[in-house]
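What follows is a single structure, written as structure tokens, with notes after it.
The values are calculated or read from the model by the stated rules, or taken from the named source; none is laboratory data. All values derive from a computational prediction rather than experimental measurement. Counting neighbours? That spans all protein chains shown, and the Cβs are built from the backbone with ideal geometry, glycine included. Side chains are part of the model used for accessible areas, which takes the heavy atoms of the whole protein and leaves out ligands, DNA and RNA. Shrake-Rupley method; radii C 1.70, N 1.55, O 1.52, S 1.80 Å.
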Amino acid sequence: MKTYRKELWFNTTRRRELINITPEVERCLHESGIREGLLLCNAMHITSSVFINDDEGGLHQDMEVWLEKLAPEKPHSQYRHNTYEDNADAHLKRTIMGREVVVAVTGGALDFGPWEQIFYGEFDGKRAKRVLVKIIGD
Amino acid sequence: MKTYRKELWFNTTRRRELINITPEVERCLHESGIREGLLLCNAMHITSSVFINDDEGGLHQDMEVWLEKLAPEKPHSQYRHNTYEDNADAHLKRTIMGREVVVAVTGGALDFGPWEQIFYGEFDGKRAKRVLVKIIGD
Amino acid sequence: MKTYRKELWFNTTRRRELINITPEVERCLHESGIREGLLLCNAMHITSSVFINDDEGGLHQDMEVWLEKLAPEKPHSQYRHNTYEDNADAHLKRTIMGREVVVAVTGGALDFGPWEQIFYGEFDGKRAKRVLVKIIGD
């Protein structure tokens, strides 16, 4: 069994941002030389997310509106976590979007359906944060 | 290390449907001959879901009502994604329900608690769509 | 390839509770002797959750309020599942929080960012319930 590990770093200019990281993850997979196995990709921070969905700008705007409806940022005072912080909403948004994805590796490629793309979801950005890629297999 | 891969296809008659796919997934596991390892089961489409919950009709009706409250289908015009599509709500519903499950394989069986069952959650159906089963182990 | 399996049991005094189980999961990992691989930790019940977030009491209170807003327990009569049960809300709350986490194992340790902690989320407690830890790797 082979294993591979890499950290991807992101520093967004806005508080919230969705970034398509599929090419970076594919680069990791090729670097690993693993042809059959499982790939884990997870946010290493608890105010950001890794998820799979469509790379379509209108949908990303819908997600921003929707997450603000389900877990609004403001007023900051509505959250007890925000006594010393202002990012309680980011913890909740990431809960909805998910921490991680597990992807099948088949024939040396991400085993994806036609529109699947991996995104980094930043909900409390403007600072350097990490994503982990771990691959196991043969 | 052994690996196994299979696609399961679904074509629902309704736009939204929940289907218990546990027997199909168990069939894959037996076919694989793998006795110890991990099984990944994921939707290959971004408007459907694979999740684990109870096989109880009342709960499934509750889920339909609940998802329509959190991410309503109509009016279609409320979503920017729906300029060319009408399924933005399906992308959001699948986000809540999740893309994938990872299940332990122990002694050649799905290592489940008493009520765990695997479901395919279709949120934009009436066309052929796929689920991936990937198993790794010994 | 090595594999390891253990059940962790919980019996909460309140209906809903969040418990940091990171030390127990780390104990499992050390017991397994596995240094490189993947660790799956999942609720074996469909009214509870395993998730990763911050060990901060204010945030946990925010989560309780937030989950009660998105999937309120009462009135029990609002859910069809509650004809014979009273825990439909717990099935929905666990759906938001997630069934499982998959964690990378690197150098014999959980490969975590600075604040990642594993929680058992109980949403229908006061009875003995289980979490599964399954580890595969070398």
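Given the criterion of a type in the set (V, I, T), modelled with pLDDT of 95 or more, within 24 Å of C:L59 (Cα to Cα) and not in a helix (DSSP H, G or I), identify the matching residue among A:I52, A:I46, A:I19, A:I34.
Values: A:I52 fails: within 24 Å of C:L59 (Cα to Cα); A:I19 fails: within 24 Å of C:L59 (Cα to Cα); A:I34 fails: within 24 Å of C:L59 (Cα to Cα).
When all the criteria are applied, what remains is A:I46.
Check A:I34, A:I46, A:I19 and return the single one that is of a type in the set (A, V, I, L, M, F, W, C) and in contact with an Asp or Glu (Cβ under 6 Å, 6 or more places away or on another chain).
A:I46
Just the residues that are crowded, with 16+ Cβ neighbours inside 10 Å and among the acidic types (D, E), please, taken from region C:68-81.
Passing the criteria: only C:E73.
Assuming A:C28 fulfils every condition listed in (1) farther than 21 Å from A:G108 by Cα; (2) assigned to a helix (DSSP H, G or I); (3) in contact (Cβ under 8 Å) with a residue 12 or more places away in the chain apart from one, which condition is it?
Failed condition: (1).
Could you check B:Y84 against (1) open to solvent by 10 Å² or more (accessible area, probe 1.4 Å); (2) over 13 Å from B:V133 (Cα atoms); (3) modelled with pLDDT of 95 or more and say which number it fails?
(3)
Return the residue satisfying two criteria in turn: it lies in region C:37-57 and is under 17 Å from C:R14 (Cα atoms) and within 10 Å of chain B (Cβ to nearest Cβ), and of such residues it is most open to solvent (accessible area, probe 1.4 Å).
Top of the filtered list is C:H45.
From the list C:I21, C:I34, which residue is under 22 Å from B:G37 (Cβ atoms), open to solvent by less than 10 Å² (accessible area, probe 1.4 Å) and either touching a residue at least 40 places away in the same chain (Cβ under 8 Å) or more than 14 Å from chain B (Cβ to nearest Cβ) (or both)?
C:I34
Which residues, counting only those in region A:5-33, are closer than 16 Å to A:A43 by Cα and aliphatic (A, V, I, L, M)?
Passing the criteria: A:L8, A:L18, A:I19, A:I21, A:V25.
What are the pairs, 6+ residues apart or on separate chains, where a residue within region B:89-115 that is on the phi > 0 side of the Ramachandran plot has its Cβ under 9 Å from a residue that is part of a loop (DSSP other than H, G, I, E, B) and among the charged types (D, E, K, R)?
These pairs meet every condition: B:G98/C:R99; B:G107/B:R35; B:G107/B:E36; B:G108/B:R35; B:G108/B:E36.
Kindly establish whether C:L92 is closer than 22 Å to B:G98 by Cβ, surrounded by fewer than 21 Cβ atoms within 10 Å (Cβ to Cβ), modelled with pLDDT of 95 or more and among the hydrophobic types (A, V, I, L, M, F, W, C).
Criteria not met by C:L92.
Just one of (1) within 11 Å of chain A (Cβ to nearest Cβ); (2) without any contact (Cβ under 8 Å) to a residue 12 or more places away in the chain; (3) of a type in the set (V, I, T) trips up B:T3, so point out which.
Among (1) within 11 Å of chain A (Cβ to nearest Cβ); (2) without any contact (Cβ under 8 Å) to a residue 12 or more places away in the chain; (3) of a type in the set (V, I, T), B:T3 violates only (2).
If you scan region A:1-16, which residues turn out to be surrounded by 14 or more Cβ atoms within 10 Å (Cβ to Cβ) and part of a strand (DSSP E or B)?
Residues satisfying the conditions are A:K2, A:T3, A:Y4, A:R5, A:K6, A:L8, A:F10.
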